[in-house]
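The values are calculated or read from the model by the stated rules, or taken from the named source; none is laboratory data. Predicted model, so just to flag it, every value in this text is computed and none were measured. Cβ placement follows ideal geometry from the backbone for every residue including glycine, while neighbour counts extend to all protein chains displayed.
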Amino acid sequence: MSPYRLLFVHPFCSNCAAIQRSLTQDSSLPTANLKLLSPVEIDDASLAQLAEDQPDVVAVHLSESNLGNGPDLVSGPDLGNTAPGIERIQRIKALGEGKLKVLVLTEHQDPPTVLRAFAAGANSYCCIQNKSMSALVEVIQATAQGQSWIEPAIAPIILAQLRAAVTSTRFSSSGQDALPLASPLSARQLQVLQLIVDGYNNAEIAVQLQIGIGTVKTHIRHILSKLTVSDRTQAAVRALRMGLVR
């Protein structure tokens with residue numbers, strides 16, 4: 001299998017520069033399936049190069065200086081002038097016709113920042129303070145594989161918004177969400193699903209249910225299969241729309 005191609009977008013924070021050095025120099029990290037591309041600016045001159053490189057993951061840093069206002073998940077697509085941080089996400093997604101996967105690296109966990117980033121098209125959202133490099137490699141790989149990785153601490157923000165969004169449509173669902181499952185979820189799978197919706201990660205679910213992490217992963221794999229979705233976020237959305245969880 002070809003290595004996943006990772007590209008960082010300027011401007012970086014000092015932490016992002018350190019991340020790049022570690023990815024290229026730390027031989028203890030499981031980076032054999034990662035290829036680090038030359039970083040670029042998101043300006044007109046670099047867009048063609050980005051389109052040509054077609055990275056699997058584009059890492060974008062959101063900081064206090066480049067955040068500003070941007071699209072809002074609740075109020076609409078524009079709350080004012082789109083600032084560089086959010087604009088980078090929008091331009092990258094537009095460039096790849098939505099196919100390029102954007103990983104947000106940031107120190108921010110406040111709801112407006114989180115929601116604006118996802119509304120702009122971010123695929124994954126990672127808070128880099130106190131994040132080990134091995135954990136970050138796992139986030140990069142998960143994003144490259146098409147999973148939407150969400151920082152456990154901010155998952156409740158997203159899920160609260162999803163609950164609000166689906167409340168008015170729960171009883172008027174159409175299409176796939178209105179159909180019964182071909183294979184119903186077991187009582188234990190429903191417990192695991194509820195904890196996913198509540199923002200628990202695998203280790204926390206294992207503690208809550210007093211089972212092994214391997215067993216949790218097996219339950220999640222079966223849940224995704226039965227709900228015909230590809231990741232935890234999609235599972236939470238569909239479960240809420242179907243009324244399987246609260």
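Annotations
- Helices (runs of 4 or more DSSP H) within region 202-246 that include 2 or more residues charged (D, E, K, R): 213-227, 232-242
- Residue in region 2-10 that is assigned by TED's automatic domain parsing to the domain that holds residue 124, at pLDDT below 75 and assigned to a strand (DSSP E or B) present: no
- Residue pairs whose Cβ atoms lie under 9 Å apart, sitting 6 or more positions apart in sequence or on different chains, and linking a residue in region 192-207 that is without any contact (Cβ under 8 Å) to a residue 24 or more places away in the chain to a partner that is among the acidic types (Asp, Glu) and surrounded by fewer than 17 Cβ atoms within 10 Å (Cβ to Cβ), are 195/204.
- Candidate set from region 11-56 (those that are of a type in the set (Val, Ile, Thr) and buried (at least 16 other Cβ atoms within 10 Å of the Cβ)); member that is modelled with the lowest pLDDT: 42
- Sole residue being buried (at least 22 other Cβ atoms within 10 Å of the Cβ) and in a loop (DSSP other than H, G, I, E, B), chosen from 122, 117: 122
- Candidate set from region 215-237 (those that are out of contact with any strand residue (DSSP E or B) (no Cβ under 9 Å at 6 or more places or on another chain) and closer than 20 Å to residue 157 by Cβ); member that is surrounded by the most Cβ atoms within 10 Å (Cβ to Cβ): 236
- Any chance residue 84 is surrounded by 12 or more Cβ atoms within 10 Å (Cβ to Cβ), modelled with pLDDT under 80 and in the same structural domain as residue 129 (by TED's automatic domain parsing): yes
- Picking from residues in region 201-214 that are surrounded by fewer than 16 Cβ atoms within 10 Å (Cβ to Cβ) and polar (S, T, N, Q), the one that is farthest from the chain's Cα centre (by Cα) is 210.
- Qualifying positions in region 107-142 - within 23 Å of residue 198 (Cβ to Cβ) and of a type in the set (S, T, N, Q): 109, 113, 123, 124, 130
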